[in-house]
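Just so you know, all these numbers are worked out from the coordinates, no wet-lab data involved. The structure displayed is predicted, hence computed values, not measured ones. Reconstructed Cβ throughout: ideal geometry from the backbone, glycine too, with neighbour counts over all protein chains shown.
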Amino acid sequence: MTFSKILTDWYSVNKRQLPWRQTTNPYYIWLSEIILQQTQIKQGLPYYEDFVSVFPTVFDLAHANEAEILKLWQGLGYYSRARNLHFAAKYVVEDLNGVFPTNYKDLLKLKGVGDYTASAIASICYNEVSAVVDGNVYRVLSRYFGIYTPINSSKGAKEFKALAQELIDKKDPATFNQAVMEFGAIQCKPKSPDCTVCPFNSSCFAYGKDEITELPVKIKAAKVSKKYFNFLVFLTPDHTTILEQRQGKGIWQNLYQFPLIESKKALTSKELEQELENLEVLKGKTFDVSLYNKNEIVHKLSHQHLYTQFWIVEVDTNLKGEIPVSKVEDFPVPILIGNFIEDFNF
DNA sequence: AACTCGGGGGA
DNA sequence: TCCCCAGAGTT
């Protein structure tokens, strides 16, 4: 039996029923693939249901406001996916009359669609023979064939793509692609897979050589940096506060937050009050500051740790740019802010 | 080629 | 604590 045959036989028995497996409509496949980038199915599934429900067609998505899309995306992370989703939807509607590209090459032109996603959509929707390479594929192939090339190197990317392209079932690329990913997710898991029940265990390199824990090889990332965030939660007599939209390039782009003072280290109340003296919005006003969380909240991201303090700033008058506290929940915010809002309960 | 971009979950 | 997740865009 060929690699492909063993794999797809396994798939026909073990595959999970998932909503995006009931359709080949490129809008739904695209939506699911973007949501599932770097995201486990368990986490992404409810977001997929929400998006399909709120935006049943690409036209609905294209005509939405970015903030509305970000709000629905809130908590899922990698928010550029949501912004690019909106951008690409507008492109499809305005430049392509609402019709998705029908091949790998043209799918790549959609913002947020890279090599993996273009191959996934092209194969699933149009039966194009284009192999997907995601984290699952790297793991399955590196273990089965004993490939030690680092998966997060350009050499590795080319090597695994070429191998997957050789192995793919030319008659049914859609099933092969989904099968290899499902196999990686369920059977050939990152940690302690049960190789005794694996259909490949008689010929798998890693299992035979006891190298499961060594493969795949990945170059370690640099150490995480620390940042100190001080969020200013203003409260006025009229029950208003201030939310600002994050500008520029960095993290949480276009999401909202309480006014932020970043510092080199954790600030004391005295030090924070000094900072507030320089704040334009508080010029000539009297205010009272208290620290909401006695212990720093450490929000851990893959590449930085955010040591966070929320400061309640009660002022005696109204403020420029204020919004009613009852509206705070309408804005898309990072989960760090969202958790505070929920806990504080205004 | 290296860096940046989130948040949840498993062991 | 460390690693992984249906990766992509920027520098």
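Look at where the Cα atoms of the range A:164-211 and of the range A:12-71 average out, and the two centres are 26 Å apart.
Using R₀ = 30 Å, calculate the FRET efficiency as 1/(1 + (r/R₀)^6) where r is the Cβ-Cβ separation of A:I219 and A:V54; round to 0.05. Working shown, then result.
Working: r = 39 Å, r/R0 = 1.31.
After rounding, the FRET efficiency stands at 0.15.
Once C-alpha pairs closer than 8 Å and six or more residues apart are averaged by separation and normalised to the residue number of the range A:3-214, the relative contact order reads 21 percent.
Every helix of 4 or more DSSP H residues in chain A counts as -39500 (n - 2.57), and over all residues that averages to -12500 deg cm²/dmol at 222 nm. With 0.36 nm allotted per residue and the present C-alpha distance subtracted, the A:K191-A:F145 stretch has 14.7 nm of extension available.
Over all orientations, chain A has a Cα convex hull whose mean projected area works out to 20.4 square nanometres. Three principal axis extents of the range A:222-282 based on alpha-carbon atoms, in descending order, are 47, 29, 17 Å.
In a simple Cβ point-charge model (Lys, Arg +1; Asp, Glu -1; nothing else charged), chain A has a dipole of about 1360 debye relative to its Cα centre.
Treat the count of other C-beta atoms within 10 Å as a stand-in for reagent exposure and order A:K90, A:K158 from fewest to most. Please report the intermediate quantities before stating the final value.
Details: A:K90 16, A:K158 12.
Ranking A:K90, A:K158 by Cβ neighbours within 10 Å, fewest first, gives A:K158, A:K90.
Of all the C-alpha pairs in the range A:42-180, what % are more than 17 Å from each other?
Value for the range A:42-180 (Cα pairs over 17 Å): 66 percent.
Each semi-axis of the equivalent ellipsoid for the range A:225-344 is √(5λ) with λ an eigenvalue of the Cα gyration tensor; in descending order they amount to 22, 18, 13 Å.
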